[in-house]
1. Please go through the range 73-120 and pick out each residue that is assigned to a helix (DSSP H, G or I) and within 24 Å of G192 (Cα to Cα).
2. How many residues, within the range 222-246, are open to solvent by less than 10 Å² (accessible area, probe 1.4 Å) and not in a loop (DSSP other than H, G, I, E, B)?
3. What are the residue pairs meeting all of these: first residue in the range 76-105, first residue touching a residue at least 24 places away in the same chain (Cβ under 8 Å) and among the small types (G, A, S), second residue open to solvent by less than 90 Å² (accessible area, probe 1.4 Å) and assigned to a loop (DSSP other than H, G, I, E, B), Cβ atoms under 9 Å, and 6 or more apart or on different chains?
4. Take the residues in the range 59-97 that are more than 14 Å from T43 (Cα to Cα) and in contact with a helix residue (DSSP H, G or I) (Cβ under 7 Å, 6 or more places away or on another chain), then tell me which one is most open to solvent (accessible area, probe 1.4 Å).
5. Looking only at the range 42-52, decide whether some residue is in contact with a strand residue (DSSP E or B) (Cβ under 6 Å, 6 or more places away or on another chain), among the hydroxyl-bearing types (S, T, Y), modelled with pLDDT of 90 or more and exposed (fewer than 11 other Cβ atoms within 10 Å of the Cβ).
6. Could you identify the single residue in R114, R154, R177, R165 that is under 29 Å from K237 (Cα atoms) and either at pLDDT below 95 or open to solvent by 80 Å² or more (accessible area, probe 1.4 Å) (or both)?
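The values are calculated or read from the model by the stated rules, or taken from the named source; none is laboratory data. It should be emphasised that the depicted structure is a prediction, and the values quoted were computed from it without experimental measurement. Virtual Cβ from ideal backbone geometry, glycine too; neighbours counted across all protein chains shown. Just the protein is used for accessible areas: all its heavy atoms, side chains included, with ligands, DNA and RNA removed. Shrake-Rupley method; radii C 1.70, N 1.55, O 1.52, S 1.80 Å.
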Amino acid sequence: MLGSDGRITPNLPMNRSRTLLMLATTLVALSTVATAKENAYRTFTNTEGKEIRATLVDKKGGVAHLRMTDGITYRVPIKKLSQPDREYVDSWDPQETKEEKLRAVDLGELFSARGFKAVPLVLKNSQSLLEISIAGKKLTLLLDTGAQGSVLDRSKAKALKLKVRENAGFAAGIEGRPKAIGMTRLESVRVGEVTKKGVTFAVMDLQRVAGNHGSSKFDGIIGLDLLEDLEAVIDYKSSVLYLRED
């Protein structure tokens, strides 16, 4: 959590890894699927009805390279295979081609197909900011993967007439004494095109941090709790946050 000194309490490594490395996990899974298909054995039949159990490892000049389970590779003219096997060989791509296709995957299309929505991030003063809507009002929040919980500035909570339960806990930065914080429970918040229901924010004074010490101005912090709930994936290179709705 961000304290009055402008420093951020580090996040638990396991939780942070689960949030930030989701993209890598997805791409590795795709590669694993491709490899599994590549190594799959099937029964090939020639035009005379003879069968062998093998996996297709290459095709060149009208010849299929079929590797059997004992490691021996046979070179069989494709025209001598059964019609279903010829169709299979014709549609088969070498591993190199599959890897090229994986490298060419557009992340936006990939995550859209998996139900994610893209939310633009604004990089300012080496900080990532994004816009959210609370009670119909737009606020600018700091994206902070090191903060365990999400926070609203007390003045903004008051301006939005949010119901705040005071003395709900304590929070502090790396330096300074812990201070009492409030809590507010929101029916929903909207981040880009994604709506999240039943969201809890801590409420504390952020004015001594936001806009000072080289920091950008912001109305609150989106922390790890909300990022995990929305299955967030951060693409820093493209300044995009991918979120998935309930």
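1. Passing the criteria: L107, G108, E109, L110, F111, S112, A113.
2. 7
3. Every condition considered, the pairs that remain are S82/G49.
4. Among them, the one singled out is K59.
5. yes
6. R114
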